[in-house]
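The values are calculated or read from the model by the stated rules, or taken from the named source; none is laboratory data. It should be emphasised that the depicted structure is a prediction, and the values quoted were computed from it without experimental measurement. When we count neighbours, we look across all protein chains shown, and the Cβ atoms used for this are built from the backbone with ideal geometry, even at glycine.
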Amino acid sequence: MKKVLWVYSGLLLLIISCSSKGGNPPPTPPETYKPPVVSAAFAKGADISWVTQMESTGVKFYDKSGNQQDLFGLMKSLGFNSIRLRAWVNPANGWCNTADLVAKALRAKAAGMKIMIDFHYSDSWADPGKQPKPAAWAALDFANLTTTLHDYTVSVMNTLKTNGITPDWVQVGNETNDGMLWEDGRASKSMANFAVLIKAGYSAVKSVSSTTKVIVHISNGYDNSLFRWMFDGLKTNGAQWDIIGMSLYPSVDNWADYDSKCLANINDMVSRYSTPCMVVEVGMPASSPDASRNFLTDIITKVNSVSGSNGLGVFYWEPEAYNWQGYGLGAFDNSGKPTIALDAFGD
């Protein structure tokens, strides 16, 4: 009996010991992230205009498991349904010229994506701090400048059409906070001139594709006074547009405030001009993927919530950029894989 009790006691101690060491309850599984639920028509987009240039240098892209993927297919698998591509008139190295634009648009179409064309009306970057004319347009008087903008836009649209591509959206100008084609089209100098250029771009797009929506795009989507100044001025001068486009680049610390102000601005634009809105550029440091995902989840949710389905979409600007030209606001890690930030665009 003592032996039986001793064995029983030993087994009991062994069970207790195992329970205290290796028999702990299983750890609570990590929280499962759920991307925002949006309408079927909501554009979950990315501007990946750098892709062909990156590929030409040997840059490759990988899914989260480390499998090499074509970038367009990879973006589709991550939940994106739209691609934005910039158009430059005569860039020195050829990237983003019409031929390069068409090559990328064909890949986007093959991947089943909607397409946005972003006309910079420049040979290189046009943004709030600079809106340089293409070199070939520099000496033109304003009347000929307007005609040239119109004809160039028609030419690019027709080239896309010949290749079976009808853009869903076209931007006439990029981040035109103070107009474009400076100095003739600088809005603070002559809002009337800027409006004439916008009308020329609008009519050019519609002459090729009446269904394509035309966007006027300015940055700082949180700045309602800037947007009122711009669109009051354009409206007064008879300009036309279908969608108001915005950029939004908050920091890790202020994104919640920026998002709230952006939503208020969108609601004001919808009410004031009876115009839907789209956030056509966002970004946040790739080194802060958790904060970026929180930001993206929030802004996508807010834009989708705009009444009357007047919040049309959100586009990430060059998420695929990693170790590339010093740009730090992409959403891929240094091994070429997407970070969790892009989970916000998932299905």
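Structure values in brief
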read-out: Leading residue by the ranking (nearest to Glu183 (Cα to Cα)) among those in segment 94-121 that are assigned to a loop (DSSP other than H, G, I, E, B) and within 20 Å of the chain's Cα centre (by Cα); value: Tyr121
read-out: Residues of segment 117-153 classified as hydrophobic (A, V, I, L, M, F, W, C), touching a strand residue (DSSP E or B) at 6+ places or on another chain (Cβ under 7 Å) and over 14 Å from Cys96 (Cβ atoms), total; value: 0
read-out: Residue match in segment 189-198 (condition: buried (at least 22 other Cβ atoms within 10 Å of the Cβ), at pLDDT 95 or above and either within 23 Å of the chain's Cα centre (by Cα) or under 30 Å from Met284 (Cβ atoms) (or both)); value: yes
read-out: Enumeration of residues in segment 76-91 that are without any contact (Cβ under 8 Å) to a residue 40 or more places away in the chain and not in a loop (DSSP other than H, G, I, E, B); value: Lys76, Ser77, Ile83, Leu85
read-out: In segment 105-122, the residues that are buried (at least 21 other Cβ atoms within 10 Å of the Cβ) and not aromatic (Phe, Trp, Tyr); value: Ala105, Ala108, Met113, Ile115, Met116, Ile117, Asp118, His120, Ser122
read-out: Segment 181-207 residues that are touching a residue at least 24 places away in the same chain (Cβ under 8 Å), paired with ones that are surrounded by fewer than 17 Cβ atoms within 10 Å (Cβ to Cβ) and among the small types (Gly, Ala, Ser) (beta carbon under 7 Å, 6 or more apart); value: Ala195/Gly238; Lys199/Gly238
read-out: Residues satisfying the stated conditions in segment 275-291, i.e. closer than 17 Å to Gly313 by Cα and either among the hydroxyl-bearing types (Ser, Thr, Tyr) or in a loop (DSSP other than H, G, I, E, B) (or both); value: Thr275, Pro276, Gly283
read-out: Unique residue being in contact (Cβ under 8 Å) with a residue 40 or more places away in the chain, part of a helix (DSSP H, G or I) and within 27 Å of Thr153 (Cβ to Cβ) when the list is Gly221, Gly245, Gly233; value: Gly233
